[in-house]
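Below is one structure, written out as structure tokens, with a few remarks after it.
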Amino acid sequence: MVYVSRKEHFNAAHKLYNPAWSKEKNAEVFGPCANDNWHGHNFELIVTVKGLPDPDTGFVVDLKKLSVLIRREIVDRVDHKNLNLDVDFMRDKLASTENLVIEFWKILSPQLSSITKYGKLHSIKLYETPRNYVEYFGE
């Protein structure tokens, strides 16, 4: 099995806030991430596709096509946006990095077959900061 990854970048703002809780409980649980005036991150997104190389091209997936897919379906929809207010697939969801990466999977996984016959989505890793990231395997 070969694992091929593409890294993309985007900037976005969000607020962690559970509307079922009081302002005090949100502040206690989420700290400064519950700031009324939002906060932002420079996100790094790594999408990994696994499979065996196509005998005609030697590729598991054409990385140029993967980049175009990620940019069109994810980056263009979240870059320089407020994840809580501007992003349709995050509406009515807590804008945690964990929930965001799950939504990315739901978008990318079914579309991957349009760019590769031999690869399937293996993982999505999303860095919120250089030291904090989540990784999702579609489970």
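No value in this document is a laboratory result; all are computed from the given coordinates. Since the structure is predicted, the reported quantities are computational estimates derived from the model, not experimental observations. Don't worry about glycine lacking a Cβ; one is built from the backbone with ideal geometry, like all the others, and counts go over all protein chains shown.
Rank Ala13, Thr57, Gly119 by how far each Cα sits towards the positive end of the charge dipole of the range 1-120 (+1 on Lys, Arg Cβ; -1 on Asp, Glu Cβ) and give me just the farthest.
Towards the positive end, the residue furthest out is Thr57.
What pairs in Lys15/Lys125; Lys93/Lys120; Lys7/Lys81; Lys50/Lys81 have C-alpha atoms more than 25 Å from each other? Write down the numbers at each step before the final one.
Numbers: Lys15/Lys125 20 Å; Lys93/Lys120 27 Å; Lys7/Lys81 19 Å; Lys50/Lys81 30 Å.
Check vs 25 Å cut-off fails for Lys93/Lys120; Lys50/Lys81.
Subtracting the Cα-Cα distance from 0.36 nm times the residue separation, let me have the gained length for Lys93 to Asn35 in nm, one decimal. Could the numbers behind the result be given before it?
Working: separation 58, 0.36 × 58 = 20.88 nm, distance 1.71 nm.
The span from Lys93 to Asn35 would gain 19.2 nm if fully extended.
Fewest Cβ neighbours within 10 Å first, please rank Met90, Met1 accordingly. Intermediate values should be presented prior to the final figure.
Numbers: Met90 22, Met1 7.
The order, fewest Cβ neighbours first, is Met1, Met90.
Between Leu45, Ser67, Ala34, whose Cα lies farthest towards the positive end of the dipole of the chain when Lys and Arg beta carbons carry +1 and Asp and Glu beta carbons carry -1, centred on the Cα centre?
Farthest towards the positive pole: Ser67.
Sequence gap at least 6, Cα distance under 8 Å: using those rules, report the relative contact order of the range 2-136 to the nearest whole percent. Spell out each step's value before the answer.
Working: 231 pairs, mean separation 43.1, N = 135.
It rounds to 32 percent for the range 2-136.
What does the extension gain come out to for Asp76 and Glu44, with contour length at 0.36 nm per residue minus their alpha carbon separation? The partial results should precede the final answer.
Values: separation 32, 0.36 × 32 = 11.52 nm, distance 1.40 nm.
Working it through step by step, the gained length comes to 10.1 nm.
Between Ile115 and Glu139, how many nm apart are label points set 7 Å from Cα along the C-beta direction?
If labels sit at Ile115 and Glu139, their model points lie 2.6 nm apart.
Determine, for Arg71, Arg77, Arg91, the number of other Cβ atoms within 10 Å of each Cβ, and report the residues in order from fewest to most.
Values: Arg71 15, Arg77 18, Arg91 11.
Neighbour counts put them in this order, fewest first: Arg91, Arg71, Arg77.
Under unit Cβ charges (Lys, Arg +1; Asp, Glu -1), what dipole magnitude, rounded to 20 debye, does the chain have relative to its Cα centre? The partial results should precede the final answer.
Values: 19 positive and 19 negative charges, 49 e Å.
Dipole about the Cα centre, nearest 20: 240 debye.
How much length is gained on full extension from Val68 to Ala27, taking 0.36 nm per residue of separation minus their Cα-Cα distance?
Difference between extended and current length: 10.9 nm.
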